[in-house]
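Worksheet: one structure, shown below.
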């Protein structure tokens, strides 16, 4: 049984561009708030993919009942509110400001560099695939370089040397 | 998305008005359409630059910036990524080199260099998770 996760637009755009979405779907049942969907335009590639997958039933819209989060913009606030209402869910966020708020509120939050290291640690990605995803993420320049560096260090430390190497 | 249009009057001096008429004719557009498109393109450029600067400073979230500017989160993220891609990949490789040296794992640097070359060539992301039994 897959774990349920919700996300904001920043995570979706990064994951789509880096090619992580198949892994995200493999790992999580994805739910989203309508304010997050409204931030993803069907006229742009990541947004188009979001709406295509929503129509295909791969993403589930969930209503946000309570507003407990700070003013981080409609989408980020809705994603945090959804996670607050479902404490067993994972919150997928790449934007630093809402990420900090989510951590401060004790939510189970993941950003794309950490997801890449998790996929590598569990053996879903090999080192070459993990480094390719991290290189793509670095080139996008939308995630904190510190987080990318930390992920590189994790993959480097965990990499097993080839026999005889 | 709303398709209602607002009317905004613009006062131009004689020379600017002539340039506008000439340019609109060249583009086979009405003056209104030409001016509307040019104004929106310039406004987007200005707002994107402003939003990316605010985002980089960590002042506001992407969601806030999209709300304030009327741009989409994806547009702002794309503009943020229009910076120096080569420098970003160089930084990625520098980090990998440091890790490879401190961990005594030359293979790690070789894999990182392959990854950076693949990204620089613009190869698409095609990987899929393996099915598990």
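In degrees between 0 and 90, to the nearest 10, how far off the longest principal axis of chain B does helix B:106-120 point, with axes built from Cα atoms?
20
In what order do A:31, B:96 fall by count of nearby beta-carbon atoms within 10 Å, going from fewest to most?
Ordered from fewest to most neighbouring Cβ atoms within 10 Å, A:31, B:96 come out as A:31, B:96.
So what is the relative contact order of the stretch A:1-144, in percent, for Cα pairs below 8 Å that sit 6 or more residues apart?
Relative contact order for the stretch A:1-144 comes out at 26 percent.
Could you tell me how many degrees, from 0 to 90 and to the nearest 10, lie between the Cα long axis of helix A:127-140 and the main elongation axis, the longest principal axis, of the Cα atoms of chain A?
50
Only counting other Cβ atoms within 10 Å, I'd like A:35, A:126 sorted with the fewest neighbours first.
Fewest-to-most ranking of A:35, A:126: A:126, A:35.
Hey, for a label at residue B:114 modelled as a point 7 Å past Cα toward Cβ, could you say which residues of the stretch A:125-142 have their backbone N under 12 Å away?
A:126-132
Fewest first, what order do A:90, A:116 take by the number of other Cβ atoms within 10 Å?
Ordered by Cβ neighbours within 10 Å, fewest first: A:90, A:116.
Please express the shape of chain B as an equivalent ellipsoid: the semi-axes are the square roots of 5 times the eigenvalues of the C-alpha gyration tensor, given largest first in whole angstrom.
After diagonalising the Cα gyration tensor, the semi-axes are 46, 18, 17 Å.
Run the simple label-point estimate for residue B:25 and residue B:90 please: 7 Å along Cα→C-beta, distance reported in nm.
So the two model labels end up 4.9 nm from each other.
Taking 35 Å as R0, compute the FRET efficiency from the Cβ-Cβ separation of residue B:9 and residue B:53 and round it to 0.05.
Result of the calculation: an efficiency of 0.65.
Any idea what angle helix A:145-158 forms with the longest principal axis of chain A, computed on alpha-carbon atoms, 0 to 90 degrees, nearest 10?
40
Could you tell me the relative contact order of chain B? Use alpha-carbon pairs under 8 Å, at least six residues apart, and round to a whole percent. Spell out each step's value before the answer.
Details: 50 pairs, mean separation 15.7, N = 133.
Normalised by residue count, the contact order of chain B is 12 percent.
What nm distance separates the two modelled labels at residue A:52 and residue A:104, each placed 7 Å from Cα along Cα→Cβ?
3.8
Using helices alone, I'd like the mean residue ellipticity at 222 nm for chain A: each DSSP H run of four-plus residues gives -39500 (n - 2.57), total over residue count, nearest 500. Numbers along the way, then the final one.
On the way: 9 runs with 92 residues, N = 165.
Calculated at 222 nm, the ellipticity per residue is -16500 deg cm²/dmol.
Bear in mind these aren't lab numbers, they're just calculated from the coordinates by the rules spelled out. From a predicted model like this one, the values you see are computed outputs, not experimental measurements. Methodologically, a virtual Cβ is constructed for each residue, glycine included, from the backbone with ideal geometry; neighbour enumeration extends over all protein chains shown.
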